[in-house]
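Each remark here refers to the structure printed beneath this line.
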Amino acid sequence: MAGYRVEDDYDYLFKVVLIGDSGVGKSNLLSRFTKNEFNLESKSTIGVEFATRTLAVEGKVIKAQIWDTAGQERYRAITSAYYRGAVGALLVYDVTRRATFENVDRWLKELKNHTEPNIVVMLVGNKSDLRHLLAVPTEDGKSYAEQESLCFMETSALEATNVEDAFAEVLTQIYRITSKKQVEAGEDGNGSVPKGEKIEVKNDVSALKKLGCCSN
Amino acid sequence: MSMESSELHDLSDDADYAASQQQGSASMMRCDSEKRSSSSDHDGAELIYLKDNVAIHPTQFASERISGRLKLTKQDSLLFLSWIPYKGQTSNAKLSEKDRSLYTITAVPFTEVRSIRRHTPALGWQYVIVVLSSGLAFPPLYFYNGGVREFLAIVKQHVFLARSAEDANVFIVNDFQSPLQRTLSSLELPSTLPVASGQSIYPLDGGSSSENQGRTSAGVDNRVSSVSRYGLRKQKSHDPARDLSIHLLEKFSLVTKFARETTTQLFSENNGFGSVDKRWNNQPVHSYPEKLSNIAEEKYHESPHSYPVDEHDEEIPNVVDVPADPLEFNKLSLVWGKPRQPPMGSKEFTAFLDYEGRVVESKALRERVFYGGIEHLLRKEVWPFLLGYHAYDSTYAEREYLRSVKQMEYATLKQQWQSISPEQAKRFTKYRERKGLIDKDVVRTDRSFEYYEGDDNLNVNSMRDILLTYSFYNFDLGYCQGMSDYLSPILFVMEDESEAFWCFVALMERLGPNFNRDQNGMHTQLFALSKLVELLDSPLHEYFKQNDCLNYFFCFRWILIQFKREFEYEKTMQLWEVLWTQYLTEHLHLYVCVAILKRYRSKIMGEQMDFDTLLKFINELSGQIDLDSTIRDAEALCICAGENGAASIPPGTPPSLPLDEGILYPQDDDVL
């Protein structure tokens, strides 16, 4: 890791938040994506953490800053501050616990309350390796995602299934919206988003809808 | 003069003092009389004013005051201020001779005084803070018999005293017409340094004369030449930033530490005291000028990146640079924080008990634990006291009885959820949610620690049962993430489910607000923390302010679970028992936060960390922090902050007991 200075070479910095009930595997998705690590006994998250990973998307260097928050509702008052500047979110539930899927609605509302209305959201059903314990059929997740215009993917942080893809998909969507916006802005003569700047996604419903969501 | 003889008595320890000066810093001494006793002994010194019962409060507790005598003397038309503690007479026997002597103010000429701040509250004692031209200040001098007004009136008869336009309670000594002159004078008055190190009891040479009173001099003291041999000061033109810094320093009276520290160092060179507190003996001794250049050097090397306000000061040793640490933290703990002692053992603990098992002097016990912690096997006996589960004045028999009563009570509480049938659970969402959360958390709490290791670990089951029972005992609060972090070491230490439960209950009485739904307890503590940083490191505070970091969310985890995730298991237990003693303060954990932040201040500011970077940096400090030195630093900061620190923390801030219970501070600390 390149220390604490924000000077490494990248074209875009995207902030993405992980949300969802306690124990659905947010922290392990994060460590799998950023460090390729998984820990069955990882501690509950207290407060907020984040990690970064740089990857190439359509020829651009994207620095992804992934934020991980405590799942318990009680801490949302304080963690809500951390939504600031987020352009993407992975809303995670546990495919073996129906209740965590039923709470997705609340999380989505919470997200909408604290972020720009059009941030890229992916619904993630994690722990897909526990097939014998499946409590949320894939179809349920998929249809909910369609209904809410969210991306959708089932993952296993333990087996490293789809983790990379899920993050890459979200980051690609964000990038496309960003570059499209830049082009439009360019046509309007407003110039483009400066290189390396954090960007915000605003009023891009149409853009998102046109691009289609997602890799079902 | 009638008071001559008593003065001699008061200063009878001065032989030691003089000897120390001779020994430790002979190179800096040009005082011709080495066997100094009191200023009035000196040829021509005239006693102008004498006030008894003027005290210093070395800790935040007024009960630990050191009383002494304040004097104004005049010699060669220079006015001198001195404060000498009474010998062998203090409200608290625990203050060593050295502690008292530490604060002694030996004849400081008023040419070196910049201002006097007066505090005359309607309630409480009047006090004054004397600030030196360099920005150094002495600890507040409390006038137990009143008389601040009279004191100022007398000062006014002898030196030029002007009320500050900004603050009616500040009287500026040696005021100059223009800010430029004032700045020059504060920069160039070199004699402040020898004073701060206790050297310029008398004018260093014959050069001082009445024009050094200041108001007539153009701001450049003619003693410059005599002191320049210390290589202290370079000529410096007017620098508004510096002027501002001086003002800032003055504003926070606690920057006084410079004065205290240098006095301390003087005494640390002293071999004359027989029963010297150990802490003073092993400290490296620097002369003040050396130290100053050290700071500049360190600063230069530590932070290659330039500070926001610091463009030109690398070479110039300076105590009032905005980004420099006003407390010169690196040295602070050497002076104030005591080295850690070995943990208290069983034999030692037994000595605190009377024949029926009562803790005779709880404060002494808490002090012992504060400075050394507890041997592991003994924790089981002592933690229940610290946590408030057992009363200090309970007997063996009473505690045994309580244990059995509480065991039954615990069983009854546990029965409440154990009797919930699957059918009932279906209709009891709150219960299911809590149980689900607890089940999730206990299997990921300290599982790599041997006691909780492995599948089907019975201790993990006990932890779950205790947490579920607690969520019924305190249904309003319920279960919150972080509670299992608190319970884990308690269960490990107590090795008994019921005992662990009741200790946990006692802890939650104080720390429950950390988990309040409205997060009010956390916000209060984060707010208090920001106030403490403002007080103890205003440049760092400014930095946080400019970088939108004043919410201190990056310290959230530290405070929520009192550093449980920052230290390894054993170290966490050591820290907790120190915190739980509430020996110096109920809020040592906040000073621990300040200590760690100050430890890394030059990195934080030097690398220009923004909120995100800072958060990541703090999170990744986990496992990297040295506990012993941190506790020492925290102790030093707490003592240094004194009453101002206590005043920064709103009443009722956890872990203080809630306000409506009427107990704000431990009874021991009540002022009589």
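The values are calculated or read from the model by the stated rules, or taken from the named source; none is laboratory data. Everything numeric here is computed off the predicted structure, so don't read it as measured data. Methodologically, a virtual Cβ is constructed for each residue, glycine included, from the backbone with ideal geometry; neighbour enumeration extends over all protein chains shown. Note: areas computed on protein heavy atoms with side chains; ligands, DNA, RNA excluded. Shrake-Rupley method; radii C 1.70, N 1.55, O 1.52, S 1.80 Å.
Taking B:Ser622, is it under 23 Å from B:Gly372 (Cα atoms) and modelled with pLDDT of 90 or more? Here the answer is yes, as B:Ser622 does meet what is asked. Only one of the numbered conditions (1) under 30 Å from B:Met609 (Cβ atoms); (2) in a helix (DSSP H, G or I); (3) assigned by the TED database to the domain that holds B:Met408 is violated by B:Gln481, and that is (2). Residues that are in contact with a helix residue (DSSP H, G or I) (Cβ under 8 Å, 6 or more places away or on another chain) and surrounded by fewer than 20 Cβ atoms within 10 Å (Cβ to Cβ) within the stretch A:119-139 comprise just one, A:Ala135. Consider the stretch A:14-46. How many of its residues are small (Gly, Ala, Ser) and more than 10 Å from chain B (Cβ to nearest Cβ)? Residues meeting the conditions: 3.
Of the residues making up the stretch B:337-365, those that are over 23 Å from B:Lys406 (Cβ atoms) and buried (at least 22 other Cβ atoms within 10 Å of the Cβ) are B:Gly337, B:Met344.
Within the stretch A:56-67, being open to solvent by less than 10 Å² (accessible area, probe 1.4 Å) and at the interface with chain B (Cβ under 10 Å from one of its Cβ atoms) holds for one residue alone: A:Trp67. Looking only at residues that are surrounded by fewer than 19 Cβ atoms within 10 Å (Cβ to Cβ) and not small (Gly, Ala, Ser) in the stretch B:626-642, which one is nearest to the other protein chains (Cβ to nearest Cβ)? Only one residue fits best here, namely B:Asp626.
Among the residues here, A:Phe33 does not qualify as among the hydrophobic types (A, V, I, L, M, F, W, C), at pLDDT 95 or above and assigned to a strand (DSSP E or B). When the stretch A:107-118 is limited to residues that are in contact with an Asp or Glu (Cβ under 7 Å, 6 or more places away or on another chain) and open to solvent by less than 40 Å² (accessible area, probe 1.4 Å), the one that is nearest to A:Glu169 (Cα to Cα) turns out to be A:Asn118.
Residues are listed down the side, and each one gets a yes or a no for (1) more than 14 Å from chain A (Cβ to nearest Cβ); (2) within 21 Å of the chain's Cα centre (by Cα):
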residue	(1), (2)
B:Cys503	yes, no
B:Gly512	no, no
B:Phe515	no, no
B:Leu532	yes, yes
B:Asp537	yes, yes
B:Asn547	no, no
B:Phe553	no, no
B:Trp558	no, yes
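Listed by position, the helices (runs of 4 or more DSSP H) contained in the stretch B:399-477 that have at least 1 residues being within 24 Å of B:Met494 (Cα to Cα) and basic (Lys, Arg) are B:429-442, B:458-473. Residue check: is B:Arg517 basic (Lys, Arg), in contact with a Leu (Cβ under 9 Å, 6 or more places away or on another chain) and touching a residue at least 60 places away in the same chain (Cβ under 8 Å)? Spelling it out, it is not the case that B:Arg517 is basic (Lys, Arg), in contact with a Leu (Cβ under 9 Å, 6 or more places away or on another chain) and touching a residue at least 60 places away in the same chain (Cβ under 8 Å).
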